[in-house]
Amino acid sequence: MVELVVGSRASQLARSQVKEFLAPLRARFPEVAFRHRVIMEDGDLDRKSDLREVSERGGGSAFAGRQAAALLAGEVDVVVHSLKDLPTADPDGLLLLPPPPRADVRDALCGSTLAALPAGARIGTSAARRIAQLLYARPDLAPERIRGNVPTRLARLRTLDAVVLAAAGLHRLGRTAEITEHLPLDRFPPSPGQGALGIQVRADDATARELLAGTGDPGTDAEVRAERAMLAELHGGCSVPVGALATTADGVLTLHGQVTAPRGTHQIEARLSGTPAEPEKLGRAVAALLLDLDAETLLRR
């Protein structure tokens, strides 16, 4: 019997994502034994340091480095990531397959609506992008950096006025009832790749690539490739205040990019449309517009 070992982080959300990914594969390939292996990442082991510091120690990613090493070592055959946590460049010897259909891309506010938060309200999030966007919309707020899995961050509502989380994670964990408000995408575009799974394999593993062929969604693939190409051109990662959302409609791919100063003092945006056949070209073009608007200065801050 063929066995495929699937790696992921240890959180309940990561396990849910693996279950979601494997459900159609198990039905399609009953002769294949799919086994799940948990891999602890630097960002899971160190929940006190700033994410940027953890990412630098982990070779560019706080939440993917050890999984990539396990994949390269042959300890697992495929890794299921949250795509937004992955660096824009694949490590040598690894590649990303087209992802399955994307889940909800929006950020969710739990505990209050944005308008109902009083001046000086304490709002929890670990993401530089979310902090910057919130301060741009409401300079009177007091963001606090919080770390941990989804249940841990929701528990912080006992001491905070609100927390911001990815809606996709809340949906996948059956915690939709915790959502007070979905933040509007025109003002709060998500992290590049948010809501999508990152399916990573070894480039030379023909068996895994053949088994997983056809699991990807072409529309989702074009969208996330455009978003990640924009981020790569801006030389950013998951710890910088960059938002991006690509959408496909009537054969046209549209990308909205946004860069916000870390303290929310300035914000620039750009939007272009192109063909889904050339998503990276569109991503680079939007990045060029943002750079013309001095995005580099905002990112240096």
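All of the numbers you see were taken from the coordinates with simple rules; none came from a lab. Note that the coordinates shown come from a computational prediction; the quantities given were computed from them, not determined experimentally. Backbone-built Cβ (ideal geometry, glycine too); neighbour counts: all protein chains shown.
Across the chain, the longest run free of exposed loop sites, meaning GluC sites (Glu not before Pro) lying outside DSSP classes H, G, I, E and B with no more than 15 other Cβ atoms within 10 Å, spans 76-301. If the chain linking L72 and D90 were pulled fully straight, counting 0.36 nm for each residue of separation and taking away their Cα-Cα distance, it would gain 5.3 nm.
Summing +1 for each Lys or Arg and -1 for each Asp or Glu among the other residues whose beta-carbon sits under 14 angstrom from that of L22 gives +4. Taking the Cα centre of the range 107-182 as reference, the dipole from Cβ charges on Lys and Arg (+1) and Asp and Glu (-1) amounts to some 300 debye.
Secondary-structure-derived ellipticity at 222 nm for the chain, considering helices only, amounts to -9500 deg cm²/dmol, per-run term -39500 (n - 2.57) for DSSP H runs with n ≥ 4. Think of each Lys and Arg Cβ as +1 and each Asp and Glu Cβ as -1; about the Cα centre, that makes the dipole of the chain roughly 1020 debye.
Its residues counted as N, the range 232-300 yields a C-alpha radius of gyration over 2.2 N^0.38 Å of 1.10.
In plain terms, the residue of S11, S82 with the fewest other Cβ atoms within 10 Å comes first and the most crowded comes last, giving S11, S82.
Rg over Rh for the chain works out to 0.96, both radii taken from alpha-carbon positions and Rh defined as the Kirkwood radius.
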